[in-house]
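The values are calculated or read from the model by the stated rules, or taken from the named source; none is laboratory data. Not measured: the values here are computed from a predicted model. In this analysis, Cβ positions are derived from the backbone assuming ideal geometry, glycine residues included, and neighbour counts consider all displayed protein chains. The area values use the complete protein model at the heavy-atom level, side chains included, leaving out ligands, DNA and RNA. Shrake-Rupley method; radii C 1.70, N 1.55, O 1.52, S 1.80 Å.
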Amino acid sequence: MSTAPNNLPRPAPVTLRQAWRFWLKLGCIGFGGPAGQIAIMHQELVERRRWISERRFLHALNYCMLLPGPEAQQLATYIGWLLHRTWGGVIAGALFVLPSLFILIALSWLYIAFGDVPVVAGIFYGIKPAVTAIVLHAAHRIGSRALKNSWLWTIAGASFVAIFAFNLPFPLIVLGAALLGYFGGRLAPQRFNNGGQRGSAKSFGPALIDDDTPTPEHARFSLPKLWRLLLVGAALWCLPMGLLTALFGWDGTFTQMGWFFTKAALLTFGGAYAVLPYVYQGAVGHYGWLTPTQMIDGLALGETTPGPLIMVVAFVGFIGGYVQPAFGAEHAFAAGALAATLVTWFTFLPSFLFILAGGPLVESTHNELKFTAPLTAITAAVVGVILNLACFFAYHVFWPNGFAGHADLFSIGLALLAALALFIFKRGVIEVLIVCALAGLGFHLMR
């Protein structure tokens, strides 16, 4: 533990306007997935600005990692709430997402409108093999951290077989893993002790919210406050869902998107890659909102834009709304933009409620959180599910016409090079995507 630079003055109170500017900046530069986004917040909020101490930062992060949903966005919401009450949390969480939503709506429209142009087609031809390697790398990255013993390896293997061989629904796999973790954590707790990111907290000088700063009044638990929040949250879900049902019927595209992505939002244990198989099963397999190839392209766009990777749901919504225009073919863009906005709303609403409702309980203790065994088992199961996703992508990229057709040797070779760059040379995702896009463009134009 480092010695604290006590000679530094305590930072001045942060105004809501100052916080607003920072959260907007974070939403525009938040590349690199949750690890990169959390690193940016730590550097800016803990080290440089000293708005919050590292111990309080890590305490909040531990809670966010236990929740379904994007942990980086939830951490921003938590810190914003701690600084400036409910509206501070709403502003922080919303600005983390909104820049990515607007960018993805624009990119989705360019993709669907000009995807057949040779230059655009060539870029995506190179990106697809890279995405295959990236998903495989995600499985390895999560697995190396999560699979610490034979029990967890067995859960990961069973989840892969369950979804690959038996096509079991993702929610059922998550439920089964959670039950195994719940009972396993009691029978053999030493096998399920991988929860929570931990580390020794350092001091970078006095912080605005320091280790010994009393919990502010708004962050203290109150049962009436909790009930009010739950009622408001229920209204924020029921009102748009009721309006969509009244206008388009329960089976309407917009209504089904709202219902489907509400369920998806509650299943994002382990990050965006964990929920992608569920999104694929529903959006591609059940509803037909987009094709397998478009799903791969959407993941590539999600990787290259700021904000949480789960924002790929905005691409899914836009394509589904665009190709099944509820307002007529002449208003396809409006239908796509509305669908992207709706799925973003229903995906992130639970995240805000988890933070605003659970934050006071977390602030009531600064000790380590318990009950991580079910999360540990779910994370292990997620490794097998992500591996299945990599197999799914590889099949559609390497054999675009099925096993009966010819293998795409260029795509196979490019995927191997991308994997080499990620696994061996530790290159960044954005860098790998750019190089593969240029390679695919060159090869596509020369054919």
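Averaged over its residues, the range 8-144 has an accessible area of 39 Å² per residue, based on protein heavy atoms and a 1.4 Å probe. Among TYR322, TYR78, the order of accessible area from largest down is TYR322, TYR78, computed with a 1.4 Å probe on protein heavy atoms. Shape of the range 289-399 from its Cα gyration tensor (a ≥ b ≥ c, root eigenvalues): rounded if a/c is under 1.5, otherwise prolate when a/b > b/c, or oblate? Cα axes put the range 289-399 in the oblate bin. With +1 on the Cβ of every Lys and Arg and -1 on the Cβ of every Asp and Glu, and nothing else charged, how large is the dipole of the chain about its Cα centre, in debye rounded to the nearest 20? Taking the Cα centre of the chain as origin, the dipole is about 1000 debye. To the nearest 0.05, how large is the calculated FRET efficiency for LEU445 and TRP259 if R₀ is 51 Å and r is the Cβ-Cβ distance? Plugging the Cβ-Cβ distance into 1/(1 + (r/R0)^6) gives 0.75. Annotation for the range 372-404: chymotrypsin sites (Phe, Trp or Tyr not before Pro) lying in DSSP loop with at most 10 further Cβ atoms inside 10 Å of their Cβ are PHE403.
To the nearest ten degrees, helix 118-146 and the longest principal axis of the Cα atoms of the chain are 50 degrees apart.
Estimated from helical segments only, the mean residue ellipticity of the chain at 222 nm is -23000 deg cm²/dmol, where each DSSP H run of four or more residues counts as -39500 (n - 2.57). Each peptide in 17-30, 339-352 receives the mean, over its residues, of other Cβ atoms within 10 Å, and ordering these scores from highest gives 339-352, 17-30. Within the full protein context, the accessible area of ARG49 is estimated at about 70 Å² for a probe radius of 1.4 Å. Relative to the longest principal axis of the Cα atoms of the chain, helix 292-303 runs at roughly 40 degrees. Placing +1 on each Lys and Arg Cβ and -1 on each Asp and Glu Cβ, with no other charges, gives the range 1-157 a dipole about its Cα centre of roughly 520 debye.
Dipole orientation for the chain: of the candidates GLY157, ILE91, ILE38, ILE38 has the Cα lying most toward the positive pole (charges on Cβ; Lys, Arg +1; Asp, Glu -1). Here the accessible area of the chain is 68 percent carbon and sulfur, with a 1.4 angstrom probe and all protein chains present. Each residue of the range 323-329 was assigned a 3J(HN,Hα) from its phi angle through the Karplus curve 6.51 cos²θ - 1.76 cosθ + 1.60 (θ = phi - 60°); the sequence is 7, 10, x, 6, 9, x, 4 Hz, with glycine and proline shown as x. How far is helix 71-114 tilted off the main Cα axis of the chain, in degrees rounded to 10, range 0 to 90? Helix 71-114 sits roughly 10 degrees off the main axis of the chain. Distances between placed amide hydrogens fall under 5 Å for ILE52 paired with LEU208, ILE209, all partners being 5 or more residues away or on another chain.
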